[in-house]
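Working notes for the structure below.
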Amino acid sequence: MSYILSFIVAFGVAAIAGQILIPLLRRLKAGQSIKEDGPAWHMAKQGTPTMGGLMFILAIAVAVATAGWEQIRHGELKHVYVFLFALVFGGIGMVDDFQKLRHHANEGLTAGQKFLLQLAAAIAFTALMRGEGYLTPNLFLPFLNVVIPLPWVVYMVFAAFVMVGTVNAVNLTDGIDGLATGVTIPVALFYMAVSAWFGRRDLAVLAAAVAGALAAFLIYNFHPAKVFMGDTGSLFLGGMVCGLAIALDIPLVIPIVGLVYVAEVLSDIIQVAYFKKTHGKRFFRMAPLHHHLELGGWSETKLFCVFSGLTLALCGIAFLGVMDRYPM
């Protein structure tokens, strides 16, 4: 099956790329700057190579071009469009990473700059998918098997909000060794299973490539991490998570399979709002959620296992909620 081949190719390419890229990043002194307002023990990670997301982006591209060539040859390009959409976000992340490395700080592009770039990418992707006939303005409600037709304008605003929010939530989840990687692997496997179930071979190939490439990246990213994915990788993954959901016409599945992402971003929002409302008091020990739990005694390995395991279980439940999206 093409998606099994895609997983294997992506895993192999990413595993080999890591052997080349990590020493190269060290020679280029592309080390991560650690936020001073994070947990104190994270300062020991200062200088760990970043922008490691390049290895799984390359691996996914190779897998799509090889295992997915048959679909491309027959004009099935939905997986290519989703990959390119995610790649645009990866490009935004790369610019951000370069800015951080250039200034030797943990701040790159401003929040406003990133928002506008991400919003433009989301709108362009939605317009492209609509123009190619790959998208409907029908909002599917998981488990209820109900479809709500929306005006195109409303759907495009909704989709843009979902995409920008998802991308930043995945980015925020990438705060400890292996966490974003471990959480996104079961999400990618979910998309692979759903795509195969729906007969969307092209999207199954892409999702399998994401899972395979991340499984190999985890070899280098698991605690203690030898490399970080950087914003290059986390924004790319965020684009992939929401891009696949939009392409499959099941965007409302994201809060289910991505509950960890949602919890991370909500904890950050609650912390900021509470801090301002109470003039300096904190709702969490530290935001986002993974730092709150770290300060409560959770190890990075425990966080990885619990969050990844929870996501795997939620993906299984979510599959039952969307399996009837299209008649077999």
* Share of alpha-carbon pairs per 5 Å distance bin for the range 118-168, given as whole % -> 4, 20, 27, 25, 17, 6, 1
* Asked: Counting only heavy atoms of protein chains, what accessible area per residue, in Å², does the chain have with a probe of 1.4 Å?
  -> 43
* May I ask you to give the percent of accessible area on the range 236-319 that is carbon plus sulfur, with a probe radius of 1.4 Å? => 71
* Structure fact -> Dividing the surface of the Cα convex hull of the range 163-202 by four yields a projected area in nm² of 3.3
* If contacts are Cα pairs under 8 angstrom and at least 6 residues apart, what is the relative contact order of the chain in percent? -> 28
* **Zero-based 10 Å bins, Cα pair distances in the range 263-328, whole percents** => 20, 32, 25, 17, 6, 1
* Taking the C-alpha atoms of the range 97-248, how large are the radius of gyration and the largest Cα-Cα span, Dmax, in Å? -> 16.7, 50
* To do: Can you tell me the alpha carbon radius of gyration of the range 53-123 divided by the globular rule-of-thumb value 2.2 N^0.38 Å?
  => 1.36
* To do: Whole number please: convex hull volume per residue, Cα atoms of the chain, in Å³.
  => 132
* Asked: Between Ala273 and Val80, what is the spin-label point distance in nm, taking each point 7 Å from the Cα along the Cα→C-beta axis?
  -> 4.3
* the range 216-328: radius of gyration over Cα atoms, expressed as a fraction of 2.2 N^0.38 Å -> 1.26
* Quick one: how many Å² of Leu189 are accessible to a 1.4 Å probe, rounded to 10? -> 60
* Structure fact -> Between the Cα axis of helix 230-247 and the main Cα principal axis of the chain, the angle (0 to 90°, nearest 10) is 20
* With the full set of protein chains in place, find how many percent of the accessible area of the range 170-225 is carbon and sulfur; take the probe as 1.4 Å. => 65
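The values are calculated or read from the model by the stated rules, or taken from the named source; none is laboratory data. What you are looking at is a predicted structure, and each value in this text was computed from that prediction instead of being measured. When we count neighbours, we look across all protein chains shown, and the Cβ atoms used for this are built from the backbone with ideal geometry, even at glycine. Just so you know, the surface numbers come from the protein's heavy atoms only, side chains and all, with ligands and any DNA or RNA stripped out. Shrake-Rupley method; radii C 1.70, N 1.55, O 1.52, S 1.80 Å.
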